[in-house]
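Notes for the one structure printed next.
Nothing in this text is a laboratory measurement; each read-out follows from the coordinates by a stated rule. Only a predicted model underlies this, so the values are computations on that prediction, with no experimental measurement involved. Don't worry about glycine lacking a Cβ; one is built from the backbone with ideal geometry, like all the others, and counts go over all protein chains shown.
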Amino acid sequence: MTDTVYFLTCLAIMAGVTYLVRMLPMVLIRRKITNKFLKSFFYYIPYAVLSAMTIPAMLYAVPSKIAAAAGLVAGFILAFFERSLLIVAIGACAVAFIIQLIL
Amino acid sequence: MSNFKALLKKTEVQEGLKDGLPIGLGYLSVSFAFGIFAVEQGFAIWKALIISMTNLTSAGQLAGVTLIAASAAFIEIVLSQLVINLRYSLMSITVSQKMDKSIKMSDRFFLSVFITDEIFAAASRRDSISATYMRALVCLPYIGWSTGTFIGAAMGSFLPASVVSCLGLAIYGMFIAIIVPPAKKNKKVMCVVLLACALSCTIKYTPLSKWISDGFSIIICAVIAAATLSLIAPVEEDNND
């Protein structure tokens with residue numbers, strides 16, 4: 001399988017699955033979900049996914065683990081004090097970049 | 001009467017565009033980070049752009065790009081998209097219940113493409129959602145998402161590698177910005193976050209990582225963490241945003 005064919009197949013899968021999870025409930029379900037477990041699960045899942053995607057993967061996103069860790073800590077501190085999405089992102093990148101220059 | 005209807009429609013277009021503008025601007029930066037990330041993973045600009053134009057989901061796209069770069073199996077891509085994007089199902093149901101009579105079946109097929117966390121948040125604030133409002137609402141976010149990806153991918157292609165790899169942290173920074181404030185305020189959310197991180201590290205740093213790929217790891221950790229907290233600490237009735 002060539003790279004382009006593999007990519008296009010994956011693209012079709014990604015777009016198809018993502019469309020179906022959005023489209024099917026909108027077309028098929030018109031009544032309210034009352035199941036407490038399901039409601040809770042849907043509420044928690046975004047936080048669980050983003051956490052599992054970030055930790056520990058972020059540490060391997062730049063060649064230096066120390067620089068990545070510094071970026072993680074900087075991002076955490078900025079987020080803790082509720083800075084905007086953009087500021088947290090720029091802060092994490094900038095700190096990692098500076099540490100990388102020093103090392 | 002037809003004049004009145006036309007006027008009403010015009011207001012709904014304006015309201016939709018107005019609600020969509022801040023979302024579109026926000027998406028510019030998130031998708032910029034995605035564009036940079038994709039290029040750093042070895043994707044061509046057109047590939048990054050076409051992913052954004054057909055998926056419109058940050059976490060799903062990031063997982064997808066990571067998996068494709070690692071030549072993952074198709075089943076991994078199916079399952080990761082399913083788990084990561086399953087929350088849209090609940091949002092679609094919520095939005096669906098507020099749609100008024102102007103929404104035809106064809107609108108449901110078309111408008112569901114654009115259900116994201118932010119568009120859901122804007123739409124669900126309304127008592128009833130018309131086709132006109134919804135179409136106007138999704139315009140600017142879609143343009144912002146595509147444009148940002150293109151600019152990010154294009155810049156990632158000519159900036160020095162050391163800068164690009166640091167900019168690749170931007171998308172993780174944004175995830176941290178999404179996770180931390182609610183975790184600080186809500187102990188249950190904090191438990192979900194800590195449990196998911198602990199599970200993810202356990203898989204990564206034990207021999208389990210030989211058997212479980214990164215894609216499956218995200219799925220397993222997220223499902224276990226969310227299901228555990230749903231069982232022992234379900235959310236209260238009015239807390240389902």
Legend entry - Cα gyration tensor of the range B:133-179 - equivalent ellipsoid semi-axes, whole Å, descending: 27, 16, 4
Legend entry - Range of Cα positions in the range B:1-84 per principal axis (Å), largest first: 59, 25, 19
Legend entry - Cα-based radius of gyration of the range B:2-179 once divided by 2.2 N^0.38 Å, which approximates compact folds: 1.12
Legend entry - Isotropic mean projected area of the C-alpha convex hull, chain A (nm²): 10.7
Legend entry - Expected 222 nm ellipticity per residue - DSSP helices of 4 or more, -39500 (n - 2.57), all of chain B, to 500: -26500 deg cm²/dmol
Inset, instruction - Using the structure shown, select from B:Lys18/B:Lys101; B:Lys10/B:Lys47; B:Lys10/B:Lys104; B:Lys5/B:Lys98; A:Lys39/B:Lys185 the pairs with a Cα to Cα distance greater than 30 angstrom. - result: B:Lys10/B:Lys47
Legend entry - Helical mean residue ellipticity (222 nm; -39500 (n - 2.57) per DSSP H run of 4+; nearest 500) of chain A: -26500 deg cm²/dmol
Inset, instruction - Relative to the longest principal axis of the C-alpha atoms of chain A, give the angle of the C-alpha long axis of helix A:85-102, reported between 0 and 90° and rounded to the nearest 10°. - result: 40
Inset, instruction - Report Rg(Cα)/(2.2 N^0.38 Å) for the protein assembly as shown, keeping two decimals. - result: 0.99
Legend entry - Alpha carbon centroid spacing (whole Å) that separates the range B:169-209 from the range B:64-114: 23
Legend entry - Folded to 0 to 90 degrees: helix A:36-54 orientation relative to chain A principal axis, Cα: 30
Legend entry - GluC sites (Glu not before Pro) restricted to DSSP loop in the range B:1-57 with at most 16 other C-beta within 10 Å: none
Inset, instruction - Kindly express, to the nearest 10 degrees and within the range 0 to 90, the angle between helix B:87-98's C-alpha long axis and the longest C-alpha principal axis of chain B. - result: 10
Inset, instruction - For peptide B:190-196, compute the average count of partner chain beta-carbon atoms within 10 Å of each residue's beta-carbon. - result: 5
Inset, instruction - Give the long-range amide H neighbours of B:Ile129: residues separated by 5 or more places, or on another chain, with amide H under 5 Å away, using H modelled in the peptide plane at 1.01 Å from N. - result: B:Met99, B:Asp100
Inset, instruction - Output the Kirkwood hydrodynamic radius of the range B:128-241, Cα pairs only, in Å rounded to one decimal. - result: 17.8
Inset, instruction - Taking the Cα centre of chain B as origin, sum charge times position over the Cβ atoms of Lys and Arg (+1) and Asp and Glu (-1), and report the length of that vector in debye to the nearest 20. - result: 240
Inset, instruction - Partner chain Cβ atoms within 10 Å, averaged over the residues of A:88-101 - can you pull that number for me? - result: 6
Legend entry - Fewest-first sequence of B:Ile176, B:Ile23, A:Ile33 by Cβ atoms within 10 Å of each Cβ: A:Ile33, B:Ile23, B:Ile176
Inset, instruction - Express in whole angstrom the spacing between the alpha-carbon centres of the range A:26-79 and the range B:17-37. - result: 19
